[in-house]
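Participant: Supplied in structure tokens, the structure appears directly below.
The values are calculated or read from the model by the stated rules, or taken from the named source; none is laboratory data. Given the structure is predicted, the values throughout are model-derived calculations rather than measurements. When we count neighbours, we look across all protein chains shown, and the Cβ atoms used for this are built from the backbone with ideal geometry, even at glycine. The area values use the complete protein model at the heavy-atom level, side chains included, leaving out ligands, DNA and RNA. Shrake-Rupley method; radii C 1.70, N 1.55, O 1.52, S 1.80 Å.
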Amino acid sequence: MANDIQHTITTFYQDLSPSEKKIADYLMQHQERAAKSSIQDLSQAVDLSTATISRFAKRLGYQSFPELKIALSMPTSDTKELFSDLSRQDDSLTLAKKVFAANIRSLEDTENFLEQSQLDAALTILTQAKQAAFFGLGGSQVVALDAFHKFIRTSLPCEFQNDYHMQLMLASKLTANDCAIVISHTGRNQEILHLCELLEKNQVPIICITSYAASPLAQAAKVALIAFAEETAYRSEAMSAMQAQFSLIDCLFMLYSVTNYEANSRVRQQIRDAIKETRI
């Protein structure tokens, strides 16, 4: 679970109920006060039952309200205050530093949200699969292609299609013995969710990469990896999330690569030899 409670709330916020959003808004605005409050105090402040607050804590992934209070008491990152957004008045070096700072913040937040159990579960799915297929649309398709480009260097047979209808056909042929890696920033894209329906119908294990932990895609996946990002005036949240998405793919690739190392090494050498012949 991420140390920065502000980002934890943000990644769930879109899919919270009105009552849960009321609690989230209060915690975002009064973090220090809430960290010192009892569940009864918070109940009175937001005019909701203690049971609702307890369920909210568990919705965010905490075991209990006391665990949520511990997260509230931890300091949040101040990178955003130092490099909040780009400005037309920035000189080139300042602008570049802000871009790097934003990317570093996204990677740090994503790293903090990772859990050992998630990575182990994803690796188990990959190592048990006869083949892996990669799915994504729009900007997420770029990440899916990057994943295919990496995993084709392993012993795991891989599939990727950039046309949506071809993706539908691919999804319809996969079985419970295969696996699917699905990338979607919002996790709410209708075409992606339709793909997931086909995958679920065929009992295909899904590993997803999304920015919203409570999204329909995350709920459909056996393993959901969360990519954090912040929107700026010149770059959408989805574009910012791609840095974290690429890094999560790198993690899956490296985890699989060190597993069954000898077989993967042989494949990498075969690919190197084939590519070497194309060079002068």
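Participant: For the chain, just list the percent of Cα-Cα distances falling in each 10 Å bin from zero outward, please.
Facilitator: 6, 26, 29, 23, 12, 3, 1, 0
Participant: Kindly express, to the nearest 10 degrees and within the range 0 to 90, the angle between helix 237-258's C-alpha long axis and the longest C-alpha principal axis of the chain.
Facilitator: Long axis of 237-258 versus the principal axis of the chain: about 50 degrees.
Participant: Still on this structure: Write out the trypsin sites (Lys or Arg not before Pro) in the stretch 91-196 meeting two conditions: DSSP loop, and at most 12 other Cβ atoms within 10 Å of their Cβ. Show your work: numbers first, answer last.
Facilitator: Numbers: sites: Lys97, Lys98, Arg105, Lys130, Lys150, Arg153, Lys173, Arg188; in loops: Lys130, Arg153, Arg188.
Answer by residue number: Lys130.
Participant: Now for a separate question. Taking the 0 to 90 degree range and rounding to the nearest ten, how far is the long axis of helix 139-151 tilted relative to the main principal axis of the chain, both from C-alpha atoms?
Facilitator: Value to nearest ten degrees: 50.
Participant: In the chain, what percent of the accessible surface is made up of carbon and sulfur (1.4 Å probe, ligands and nucleic acids excluded)?
Facilitator: Working: 7600 of 14620 Å².
Carbon and sulfur atoms account for 52 percent of the accessible area of the chain.
Participant: Same structure again: Pairs on different chains or at least eight residues apart, Cα atoms closer than 16 Å: how many lysine pairs in the chain fit?
Facilitator: Going through the chain pair by pair, I get 9.
Participant: I've got another one for you. Just to be sure I understand the curve: with the Debye formula and one point per C-alpha of the stretch 216-280, what is log10 I(q)/I(0) at q = 0.16 Å⁻¹?
Facilitator: Listed by q, the Debye log ratios stand at -0.78.
Participant: For the stretch 174-242, state the semi-axes of the equivalent ellipsoid (square roots of 5 times the eigenvalues of the alpha-carbon gyration tensor), sorted largest first and rounded to whole angstrom.
Facilitator: Working: eigenvalues 124, 22, 16 Å².
Values for the stretch 174-242, descending: 25, 11, 9 Å.
Participant: Please turn the phi angles of the stretch 30-45 into ³J(HN,Hα) values with the Karplus equation 6.51 cos²θ - 1.76 cosθ + 1.60 (θ = phi - 60°), one per residue in order, whole Hz, x for glycine and proline.
Facilitator: 10, 4, 5, 5, 5, 5, 9, 8, 7, 5, 5, 4, 5, 4, 5, 5
Participant: Also, I was wondering about something else. Using protein chains only and a probe of 1.4 angstrom, how many square angstrom of Thr94 are accessible, to the nearest 10?
Facilitator: Rounded to the nearest 10, the figure is 50 Å².
Participant: Can I ask one more? For the stretch 103-186, what does the accessible surface come to per residue with a 1.4 Å probe? Please give it in Å². Kindly include the intermediate steps, with their values, before the conclusion.
Facilitator: Details: 3710 Å² over 84 residues.
Dividing the accessible area of the stretch 103-186 by its residue count gives 44 Å².
Participant: Let me ask you something else. Direction-averaged shadow area of the convex hull around the Cα atoms of the stretch 1-66, nm²?
Facilitator: Working: hull surface 15.8 nm².
Result: a mean projected hull area of 3.9 nm².
Participant: Could you sort Asp4, Asp273 by accessible area so the largest value comes first, with the probe set to 1.4 Å?
Facilitator: Listed by decreasing accessible area, they come as Asp273, Asp4.
Participant: Related question: Output wanted: per-residue J couplings in Hz (rounded whole) for the stretch 201-218, from phi through Karplus 6.51 cos²θ - 1.76 cosθ + 1.60, θ = phi - 60°, x for Gly and Pro.
Facilitator: Per-residue couplings from phi come out as 4, 8, 6, 7, x, 10, 9, 10, 10, 8, 9, 10, 5, 9, 5, x, 5, 4 Hz.
Participant: What base-10 log of the normalised intensity I(q)/I(0) is obtained for the stretch 106-262 from the Debye formula, alpha carbons as equal point scatterers, at q = 0.19 Å⁻¹?
Facilitator: Taken in order of the listed q values, log10 I(q)/I(0) reads -1.17.
Participant: Quick one: which residues, 5 or more positions from Cys158 or on another chain, have an amide H under 5 Å from its amide H? H modelled 1.01 Å from N in the peptide plane, none for Pro or chain starts.
Facilitator: Ala132
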